[in-house]
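The values are calculated or read from the model by the stated rules, or taken from the named source; none is laboratory data. Keep in mind that what you see is a predicted model, and the values were worked out from it rather than measured. A quick note on method: Cβ atoms are made from the backbone with ideal geometry, for glycine too, and the neighbour counts reach across all protein chains shown. Calculation scope for accessible area: heavy atoms of the full protein, side chains included, ligands and nucleic acids excluded. Shrake-Rupley method; radii C 1.70, N 1.55, O 1.52, S 1.80 Å.
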Amino acid sequence: MCLKEKLNGYFEWFHRNPELAYEEYATTAKIKEILTDEGIRIFPCHLETGVVAVIEGGKEGPVQALRCDIDGLPIQEETGLDYASVQTGRMHACGHDFHIVSGIGCGILLNERKNELAGTVKIIFQPAEESSLGALKVLETDVMEDVAQIWGIHADPTNEPGVVGIREGCVAAAVDRFVLTVKGIGCHGAHPDDGIDPIPATAAIVQGFQTVVARNINAFHPALISVTRIEAGNTWNVIPERAVMEGTVRTMDRKDRILIERRMKEIAENTARAYGAEAELEWTAGPPAVYNDGKMVQKSVRTAKVCGLLTVPEERSMGGDDFAFYEERIPGCYIKIGTGKGQLIHQPGFMVDKNVIFPTAEYLSRLFL
Ligand code: NI
């Protein structure tokens, strides 16, 4: 069987058997089995799920890495494919199955041409990207210690096969989460004067938050604040003691990220105070922005040309990727691979055109050769 058919077969297996973040046991076992069958060395490190392949070249050179995330999503698949997910409510709806086989294919091609390879390539089959913290599991091990630069790919259903999106600079946002608690004094709904109603204060805070991006951030900088959940009270005639809201902040500039947190805290605390209430903002920092290194971008464009792929400016996203955690240490480049236009990622009808797999594996291997 030729490599193309083999990779397509592997892809169907991974697509059929999606597993959620931190639960990728069967996926990990299958990747290990394939790597072993192909004579590719597995890097000895402890990962509960996920695995790292190593290909040592015949020539001197740097250690580079390729990140392929491996987890699926809690979505019921509606593609109608004959190799659709067999797990109820689980689906590879972000193309990580495609990332896995592209990484495997790249590993096989590099292994065949080891003698021409200068340096070492580590292919990181990373768990739990969807949790946005899976990269930290890899970073807890010594896998990245000698790595000089890292490459990453993502399926892109807004582009046709044969088209790759590449852009220098920020391509995905820093992802932060906040929970805000507004504390008032509960009382009878008929006697608001007996208490402090946290609901109007909360409403005013939401409005205030929406002025931060519009009034405090440079208009050329992408940034957003989304309040995604508000909860207060449990019946019609009682004013609750507290209200809670939750949401996310997305930025691409490090200073904006700090500024927004500070402004939100000021607005929340001072607005609450104006209503006689108290506010407490709890901030959970996720991955920083994904930043594509200039030299690596140039190389990825040149290599795409050699491979006969068309390059377009990469669409920037206010979504995030924990790939950025690696880039806190070393330069990286995150490339979007057109997988055929259709439903977007994280949707039940999302599909990857299988014809993209082999060319992607070849493209990735050429980045290292
Ligand atoms: Ni993804």
Ellipticity estimate at 222 nm from DSSP helix runs (n ≥ 4, -39,500 (n - 2.57)) divided over the chain, nearest 500: -10500 deg cm²/dmol
Extension length gain for residue 160 and residue 114 (0.36 nm per residue less Cα distance), in nm, is 13.4 nm
In whole angstrom, note down how far apart the Cα centers of the stretch 45-72 and the stretch 247-320 are. 27
Once the in-chain neighbours fewer than 8 apart are removed, the lysines whose Cα is under 19 Å from residue 183 read 265
Reported to the nearest 10 Å², residue 297 has, with a 1.4 Å probe, an accessible area equal to 10
So for the chain, considering every pair of alpha-carbon atoms, how many percent are separated by more than 25 Å? 58
Within the set 255, 137, 341, GNM on the chain using Cα springs under 10 Å gives the largest fluctuation to 255
7 Å from Cα along Cα→Cβ at both residue 369 and residue 146: what's the point-to-point distance in nm? 2.4
Order of exposure, largest accessible area first, which applies to 35, 281 with probe 1.4 Å: 281, 35
Pairs 255/336; 295/354; 122/341; 59/122: which are spaced more than 23 Å apart, C-alpha to C-alpha? 255/336; 295/354; 122/341
Would you kindly give the portion of the calculated P(r) for the stretch 275-369 that falls above 17 Å, as a percent of all Cα pairs? 65
Rounded to 5, the percent of DSSP beta bridges in the chain classed as antiparallel: 65
Accessible surface of the chain [probe 1.4 Å, protein heavy atoms]: carbon and sulfur percent: 49
Please report the net charge: other residues with Cβ closer than 12 Å to the Cβ of residue 161, K and R +1, D and E -1. -1
Ranked highest first by the average count of other Cβ atoms within 10 Å around their residues, in what order do 92-104, 16-28 fall? 92-104, 16-28
Suppose all protein chains stay in the model; what accessible area per residue would a 1.4 Å probe give for the stretch 174-285, in Å²? 56
Mind checking which aspartates and glutamates have their C-alpha under 15 Å from residue 32, skipping anything on the same chain fewer than 8 residues away? 24, 48, 69, 97
Please compute the net charge surrounding residue 218, taking Lys and Arg as +1 and Asp and Glu as -1 over other residues with Cβ under 9 Å from its Cβ. -2
Between residue 13 and residue 346, what is 0.36 nm times their sequence separation minus the Cα-Cα distance? Round to one decimal in nm. 117.9 nm
Residue 229 accessible area, 1.4 Å probe, all protein chains in place, Å² to nearest 10: 80
Measuring from a point 7 Å past the Cα of residue 4 along Cα-to-C-beta, which residues in the stretch 157-176 have an amide N at less than 18 Å? 161-163
